[in-house]
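Right, one structure below, let's go through it.
The values are calculated or read from the model by the stated rules, or taken from the named source; none is laboratory data. Since this is a predicted model, take the numbers as computed values, not measurements. Note that we place each Cβ from the backbone using ideal geometry, even for glycine, and neighbour counts take in every protein chain shown. The protein model used for the area step is the full one, side chains on, heavy atoms only, and it has no ligands, DNA or RNA in it. Shrake-Rupley method; radii C 1.70, N 1.55, O 1.52, S 1.80 Å.
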Amino acid sequence: HEFDGGRAFYTGGGHTKEAYVEPLFLEHVLGGIKYAIGENNLDYTNVRNKRVPPENRFVKTVLAQNLDEPMELDLFDDGRILFVERKGNIILFDPKADSLKTITKFPVHNKHEDGLLGLAIDPNYNETSWIYLFYSPIGDDPVQYVSRFVFRNDELDYESEKVVLKIP
């Protein structure tokens, strides 16, 4: 796509080394490169960059170390931080107690690039107690779910699952 006077190309392919000897895939990549380069008459007058804030505006705090493929996090209004690892761990950090707790090991299909891939706390969590998980369920069916769960008293209620979206 065109963007700020230049072009961008993305492909979802190329996850295996075998792809890079496949003629159709190589043609696909070459076509993308040629598109992105174009006639090489780029108009840099449209290019903008956001001013980078000064480094002293940020404080780096390490919540945990030696995580196994952390994927996403979200914050509760009270400052607690919930995050997920691709292989299924759901972890809660409580800054008041400075403690880290594995809430559960959510069962997921975690081969290839599948697993527990995303997390969102409902904007009205204080009223609903809902969180959303984006994951690949265990089984032979190549599908991913976005599901809503009740998360209350630092526990995930598996029985409350409501599949909101199935992605083949």
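Points to keep in mind about this one:
- When residues of region 80-114 are limited to those that are at positive phi and at pLDDT below 95, the one surrounded by the fewest Cβ atoms within 10 Å (Cβ to Cβ): D98
- Selection status of N41, out of contact with any helix residue (DSSP H, G or I) (no Cβ under 7 Å at 6 or more places or on another chain), within 30 Å of D122 (Cα to Cα) and either assigned to a loop (DSSP other than H, G, I, E, B) or of a type in the set (V, I, T) (or both): no
- Consider region 1-27 and keep the residues that are aliphatic (A, V, I, L, M) and under 26 Å from the mean Cα position of the chain (by Cα). The one that is modelled with the highest pLDDT is A19.
- Hits in region 46-60 (condition: part of a loop (DSSP other than H, G, I, E, B), open to solvent by 100 Å² or more (accessible area, probe 1.4 Å) and more than 23 Å from F3 (Cα to Cα)): F58, V59, K60
- Near pairs, Cβ below 6 angstrom, 6+ apart or cross-chain, from region 112-124 (within 17 Å of F83 (Cα to Cα)) to any residue that is among the aliphatic types (A, V, I, L, M) and open to solvent by 10 Å² or more (accessible area, probe 1.4 Å): G115/V108; L116/V108; L117/M71
- Breaking point among (1) out of contact with any helix residue (DSSP H, G or I) (no Cβ under 8 Å at 6 or more places or on another chain); (2) over 29 Å from L119 (Cβ atoms), for R7: (1)
- Single residue of E72, E85 found to be of a type outside the set (S, T, N, Q), under 30 Å from R7 (Cβ atoms) and in contact (Cβ under 8 Å) with a residue 12 or more places away in the chain: E72
- Residue within region 28-35 that is farther than 20 Å from V150 by Cα, in contact with a helix residue (DSSP H, G or I) (Cβ under 9 Å, 6 or more places away or on another chain) and either of a type outside the set (D, E, K, R) or modelled with pLDDT of 85 or more (or both) present: yes
- Residue list for region 36-45, filter: at pLDDT below 75 and surrounded by 10 or more Cβ atoms within 10 Å (Cβ to Cβ): L42
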